Amino acid sequence: MSKKYHIIGWLIIILIIVGFVIFVVKYSKVELGDNIIITFSPPKGKIFNKQVDYKKAILSLFVEQEEIKAGDEIKVNIILDTQSQPVDGVDVILKYDPLVLKAQDKEVKKGEVFTNFMTNEINQETGIIKFSALSQPGQAFTGQGVLAFIDFQALKQGQTPISFVFEPASTQDTNVASQSKDILKEVRELGLNIK
């Protein structure tokens, strides 16, 4: 019986504390006696004054062909959507099955977004594609556009993915840079059904 009253007592104390905090926050100034005044005001500084924009970039893969047969050439577009954020550069790592798809070139082809490609390589043996691209100084890209494209040949029938190497919050994989911060939120991969 005393245990029950003990728990009820603690619940009442917690409710009083929560009520007091709500009261202080709502009214911001409380006088507790002759010389005791509690005033609540949030600390001033960057964290309270900075406008935070949670929009993040999206990278996706796109093909125009509705039907793909073994032997067909396939143009895979890499689309960058900055979600209204200025983007200074990208690092992209893609993987594909080299037994099902053959890259036609040793490099990705430049799209409309960036012209400065620092790294650009396709390894047909491993099925790994890596490239890095930068904007011209002071000319960050904002909007949606074709970042690059890759020409493949379908070698045989079957289902095969082309995917980004991406882990949120990692800078060692695919990323999109805006003012030296990785703002890549989402990647949309591609599944091909070769007939």
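No lab work stands behind these numbers, since they all come straight from the coordinates. Because the structure is predicted, anything quoted here is derived from the model rather than measured. Note: ideal-geometry Cβ built from the backbone for every residue, glycine included; neighbour counts use all protein chains shown.
Estimated from the Cβ-Cβ distance and a Förster radius of 45 angstrom, the FRET efficiency linking Trp10 and Ala169 is about 0.70. The local environment of Glu107, defined by Cβ-Cβ distances under 12 Å, has a net charge of +1 under the rule Lys, Arg +1 and Asp, Glu -1. Just list whichever of Lys69/Lys106; Lys75/Lys156; Lys56/Lys106 have alpha carbons separated by over 27 Å in the model shown. Beyond 27 Å between Cα atoms: Lys56/Lys106. Neighbours of Gly191, meaning other residues whose beta-carbon lies under 15 angstrom from its beta-carbon, give a summed charge of -1 when Lys and Arg score +1 and Asp and Glu score -1. The alpha carbon centroids of the stretch 92-124 and the stretch 53-89 are separated by 13 Å.
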